Amino acid sequence: MWSYFKFEFKQFFTNKKNLAIYFLLAFTTFFYVFKIAPTYNPIESVDYDEIEARYLTRQEFLDHMEGQDLSALHPSVIYAIEIFKQVNPIDKKRLDALDEGNLKKYADLTRDWYYFTNSFTYRNEAISYNSKYFIKNNKYAEDDAFYAYLEQAVRYDTYSKAEYELSLEVFEQRTALQTFERLLKGVLPIILIVCVLLLSIDIVKKDQRHPSILKGFPISDWKKLLVKMFVALLGSVVLFVPLIVGIFIIGLQSGFGNFNLPSPVYAAYLDWRVDGKFEMMTLGTFLGQSLILLFTWFIVIISVVLFSSIIFRSEMVNFAVCLFLIFGENFYSSRYVGYFWDVQNYPTSYIQVGQIISKRRNFYYFNDQLDFTLGLQLLLGLAGVVIFLMILIALNRRFKLIK
């Protein structure tokens, strides 16, 4: 078996297609590191000038209204005066904290600012969130802003109690580990899973090029398939090499962050007016669970490729089956669909790995049953069934891996 493993290992890592995939991923990583990451502009940033401009505008309005007869004013003007008198002192203290370089104090005040601002902005036609949320005709922009404000509030609450060094890069989630967190909540999991599919798509079909050599290995077909799976998994792990290098470079530019940084988890059962809407998870826990779920997806994709290969013996069919599995969520994905469908029972619902761990997907689907444990059980169960069927077919005397 060891000889066959070495043969498969050499075949896998000298395959020109596989080398091209590694190269393209490395190129994409470095392009992101040097071109995209430095231009990252979060909606909720620490912008001294913006806070100051907002504070001065409101203060000018309050000064102008000083001494006015409130009974002669429009109710909306009275409402604005009441709000501005409460929020402006917070903004003034935030500016003072930044001037002093007291980031813990700034974090404590900013937590209060997000909670208070959310309380009078949400579902208020007279006041709006940051205009950056209302791009691309997003009809759920207010809900997304509501989510973001509460998430920011709980982040800053944790920062205010931090025992590690704070920085503006930490607040704006620009550090290396926080950048990795953001990517895992975005398209990175799908990119990596598609790469695994492309790496393993021909792992059975290529044997047709060396039939005489492979027939010489004294090993049963089902063991050959398991060796192929193991080699493909090793090849999948190599995909993280350029990512690790890219994260290291970002760390040199903006700091590495640490595993104790906050990574909020949406909690549907909490009352946002009392407890906020998030529970706290450390960044280390988030990254660990995300990588476990992502690696489980690698196992699923590789096992499905192998199973399809011995059933259909066509790379295009294998590719189509796996693409359906990867992008199957798009057939039912829509806002709040989880209220009507039991989307938590579909393995395809767990493709957005980072959003599953942070439970952003629960907010999107309006379903509080999507979670890491259930997703892991479903994916491992799927992989287990597929591997069992694959071995069962390979044990059949009429089956030949190489015909």
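Is it true that some residue in the stretch 147-168 is without any contact (Cβ under 8 Å) to a residue 60 or more places away in the chain, more than 23 Å from LEU98 (Cα to Cα) and over 20 Å from the mean Cα position of the chain (by Cα)?
no
Scanning for something under 21 Å from ASN138 (Cβ atoms) and in contact (Cβ under 8 Å) with a residue 24 or more places away in the chain, does the stretch 371-389 turn up at least one residue?
Checked the stretch 371-389: no residue is under 21 Å from ASN138 (Cβ atoms) and in contact (Cβ under 8 Å) with a residue 24 or more places away in the chain.
Of the residues that sit in the stretch 185-203 and are over 30 Å from ILE36 (Cα atoms) and open to solvent by 10 Å² or more (accessible area, probe 1.4 Å), which one is modelled with the lowest pLDDT?
First, pick out the residues of the stretch 185-203 that are over 30 Å from ILE36 (Cα atoms): 201-203.
Okay, now just the ones that are also open to solvent by 10 Å² or more (accessible area, probe 1.4 Å), so 201-202.
On the way: ILE201: 91, ASP202: 85.
So the residue we want is ASP202.
Does LEU166 satisfy being aliphatic (A, V, I, L, M), open to solvent by less than 40 Å² (accessible area, probe 1.4 Å) and part of a helix (DSSP H, G or I)?
In short, no.
Looking at the stretch 100-121, can you tell me whether even one residue there is among the small types (Gly, Ala, Ser), open to solvent by less than 70 Å² (accessible area, probe 1.4 Å) and in a helix (DSSP H, G or I)? Show your work before the answer.
Taking the stretch 100-121 and keeping what is among the small types (Gly, Ala, Ser), we get 101, 107, 119.
Narrowing the set further to residues that are open to solvent by less than 70 Å² (accessible area, probe 1.4 Å) leaves 101, 107, 119.
Then drop every residue that is not in a helix (DSSP H, G or I), which leaves 107, 119.
For the stretch 100-121, residues among the small types (Gly, Ala, Ser), open to solvent by less than 70 Å² (accessible area, probe 1.4 Å) and in a helix (DSSP H, G or I): present.
Go through (1) exposed (fewer than 15 other Cβ atoms within 10 Å of the Cβ); (2) closer than 30 Å to LEU192 by Cβ and name the single condition ALA37 misses.
(1)
Looking only at residues in the stretch 223-249 that are within 20 Å of the chain's Cα centre (by Cα) and open to solvent by less than 10 Å² (accessible area, probe 1.4 Å), which one is nearest to LYS35 (Cα to Cα)?
GLY246
List, please: which pairs have Cβ atoms under 7 Å, are six or more places apart or on different chains, and start with a residue in the stretch 69-84 that is in a helix (DSSP H, G or I) and end with one that is modelled with pLDDT of 75 or more and open to solvent by 50 Å² or more (accessible area, probe 1.4 Å)?
As it stands, the answer is PHE84/PHE61, since those pairs meet every condition given.
For the stretch 284-366, which fully contained helices (runs of 4 or more DSSP H) count at least 1 residues that are over 15 Å from the mean Cα position of the chain (by Cα)?
Of the helices (runs of 4 or more DSSP H) lying wholly inside the stretch 284-366, those with at least 1 residues that are over 15 Å from the mean Cα position of the chain (by Cα) span 315-327, 360-365.
Say we look at the stretch 127-157 and pick out the residues that are among the hydroxyl-bearing types (Ser, Thr, Tyr) and crowded, with 18+ Cβ neighbours inside 10 Å; which of these is modelled with the highest pLDDT?
TYR156
Pick from PHE366, PHE399: which is out of contact with any Leu (no Cβ under 7 Å at 6 or more places or on another chain), within 21 Å of ILE310 (Cβ to Cβ), surrounded by 13 or more Cβ atoms within 10 Å (Cβ to Cβ) and at pLDDT below 90?
Every option except PHE399 fails the conditions.
So GLU52 ticks every box in (1) in contact (Cβ under 8 Å) with a residue 60 or more places away in the chain; (2) touching an Asp or Glu at 6+ places or on another chain (Cβ under 9 Å); (3) open to solvent by 60 Å² or more (accessible area, probe 1.4 Å) but one. Which box is left unticked?
Checking GLU52 against (1) in contact (Cβ under 8 Å) with a residue 60 or more places away in the chain; (2) touching an Asp or Glu at 6+ places or on another chain (Cβ under 9 Å); (3) open to solvent by 60 Å² or more (accessible area, probe 1.4 Å), the one that fails is (1).
Out of LYS35, LYS105, LYS132, LYS139, report the one residue that is under 16 Å from TYR156 (Cβ atoms) and of a type in the set (D, E, K, R). Write out each step before concluding.
On the way: LYS35 fails: under 16 Å from TYR156 (Cβ atoms); LYS132 fails: under 16 Å from TYR156 (Cβ atoms); LYS139 fails: under 16 Å from TYR156 (Cβ atoms).
From the options LYS35, LYS105, LYS132, LYS139, the qualifying one is LYS105.
Can you tell me which of PHE298, PHE256, PHE327 is out of contact with any strand residue (DSSP E or B) (no Cβ under 6 Å at 6 or more places or on another chain), over 30 Å from GLN152 (Cα atoms) and surrounded by fewer than 20 Cβ atoms within 10 Å (Cβ to Cβ)?
Result of the check over PHE298, PHE256, PHE327: PHE327.
So which residues in the stretch 304-324 are open to solvent by 40 Å² or more (accessible area, probe 1.4 Å) and of a type in the set (A, V, I, L, M)?
ILE311, MET316, VAL317, ALA320, VAL321, LEU323 - these are the residues of the stretch 304-324 that are open to solvent by 40 Å² or more (accessible area, probe 1.4 Å) and of a type in the set (A, V, I, L, M).
Would you confirm, using the coordinates I've provided, whether LEU376 is open to solvent by 30 Å² or more (accessible area, probe 1.4 Å), within 30 Å of PHE259 (Cβ to Cβ) and either assigned to a helix (DSSP H, G or I) or not hydroxyl-bearing (Ser, Thr, Tyr) (or both)?
Working: open to solvent by 30 Å² or more (accessible area, probe 1.4 Å): yes; within 30 Å of PHE259 (Cβ to Cβ): yes; either assigned to a helix (DSSP H, G or I) or not hydroxyl-bearing (Ser, Thr, Tyr) (or both): yes.
Considered against the rule, which asks whether it is open to solvent by 30 Å² or more (accessible area, probe 1.4 Å), within 30 Å of PHE259 (Cβ to Cβ) and either assigned to a helix (DSSP H, G or I) or not hydroxyl-bearing (Ser, Thr, Tyr) (or both), LEU376 comes out as yes.
Given the criterion among the small types (Gly, Ala, Ser) and touching a residue at least 40 places away in the same chain (Cβ under 8 Å), identify the matching residue among SER308, SER333, SER349, SER358.
Working: SER308 fails: touching a residue at least 40 places away in the same chain (Cβ under 8 Å); SER333 fails: touching a residue at least 40 places away in the same chain (Cβ under 8 Å); SER349 fails: touching a residue at least 40 places away in the same chain (Cβ under 8 Å).
Sole residue among the options that is among the small types (Gly, Ala, Ser) and touching a residue at least 40 places away in the same chain (Cβ under 8 Å): SER358.
Report yes if some residue within the stretch 177-184 is open to solvent by less than 20 Å² (accessible area, probe 1.4 Å), outside any loop (DSSP other than H, G, I, E, B) and of a type in the set (Lys, Arg); otherwise report no.
no
The values are calculated or read from the model by the stated rules, or taken from the named source; none is laboratory data. All values derive from a computational prediction rather than experimental measurement. As a convention, Cβ positions derive from the backbone with ideal geometry for all residues, glycine included, and neighbour counts pool all protein chains shown. Accessible surface areas use protein heavy atoms only, side chains included; no ligands, DNA or RNA. Shrake-Rupley method; radii C 1.70, N 1.55, O 1.52, S 1.80 Å.
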